[in-house]
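Q: Have a look at this one before I ask anything.
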Amino acid sequence: MEKIKVKNCKIIELPIIKDAHDGLISVANSMDNIPFEIKRTYYIYGLYNPYAIRGMHAHKKLQQVVFCINGSFNLSLDDGAKKQDYYMDKPNIGIYLGIELWHTMKNFSQDCILLIFASEYYNESDYIRNYDQFVKYIETKK
Ligand code: TYD
């Protein structure tokens, strides 16, 4: 597994339960393998456009963990100093997206489904949607 080099970010590996039945189970627990109280869960699907790009923002307070529970996509991470791409194609491997982390998702397979756990309810004012503003924001916090 590729190591994460950017700040405020880490890989979260959920155990895979192989029980007596067909299929596999992975469990995400609030305040356990998900390192915050989960307030919101959402999922992204219908990614049929091969040029689809999502994300392209950072958050001031929101923490999230993103999983690719079907198909694959590429997650680009940028903490303002370091950049890294992470290929997601394993349902039990999540990426913790902490605060102040510019993230972009693309190269979705048509069957891609993302599952996201979030620490807060949706709040547009928590988003930084302009890259220059993001760079300025993290500079002012140094
Ligand atoms: P956004 O977080 O920008 O999506 P992504 O990061 O996947 O590209 O959200 C896109 C739009 O969806 C946003 O303008 C408002 C709506 N939205 C909600 O209303 N509630 C939510 O919890 C989320 C995640 C999005």
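Q: Residues of the range 1-24 being assigned to a strand (DSSP E or B) and open to solvent by less than 90 Å² (accessible area, probe 1.4 Å), which ones?
A: C9, I11, I12, I17
Q: Inside the range 67-89, can you point out the residues that are touching a residue at least 60 places away in the same chain (Cβ under 8 Å), hydrophobic (A, V, I, L, M, F, W, C) and open to solvent by less than 30 Å² (accessible area, probe 1.4 Å)?
A: Hit for the range 67-89 is L77, nothing else.
Q: Further, regarding this structure: From N107, N92, which residue is touching a Phe, Trp or Tyr at 6+ places or on another chain (Cβ under 7 Å) and open to solvent by 10 Å² or more (accessible area, probe 1.4 Å)?
A: So the residue among N107, N92 that is touching a Phe, Trp or Tyr at 6+ places or on another chain (Cβ under 7 Å) and open to solvent by 10 Å² or more (accessible area, probe 1.4 Å) is N107.
Q: Quick one: in the range 25-42, which of the residues that are in a loop (DSSP other than H, G, I, E, B), open to solvent by 50 Å² or more (accessible area, probe 1.4 Å) and free of Cβ contacts under 8 Å to residues at least 24 places away in the same chain is nearest to C68 (Cα to Cα)?
A: Among those residues, the one meeting the criterion is V27.
Q: Assess whether I38 counts as being modelled with pLDDT of 95 or more, hydrophobic (A, V, I, L, M, F, W, C) and more than 16 Å from the ligand (Cβ to nearest atom).
A: Considered against the rule, which asks whether it is modelled with pLDDT of 95 or more, hydrophobic (A, V, I, L, M, F, W, C) and more than 16 Å from the ligand (Cβ to nearest atom), I38 comes out as no.
The values are calculated or read from the model by the stated rules, or taken from the named source; none is laboratory data. Since the model is a prediction, treat every value here as computed from it, not as a measurement. Every residue, glycine as well, gets a Cβ built from its backbone with ideal geometry; the counts of neighbours run over all protein chains shown. These accessible areas exclude ligands, DNA and RNA; they are computed on the full protein's heavy atoms, side chains included. Shrake-Rupley method; radii C 1.70, N 1.55, O 1.52, S 1.80 Å.
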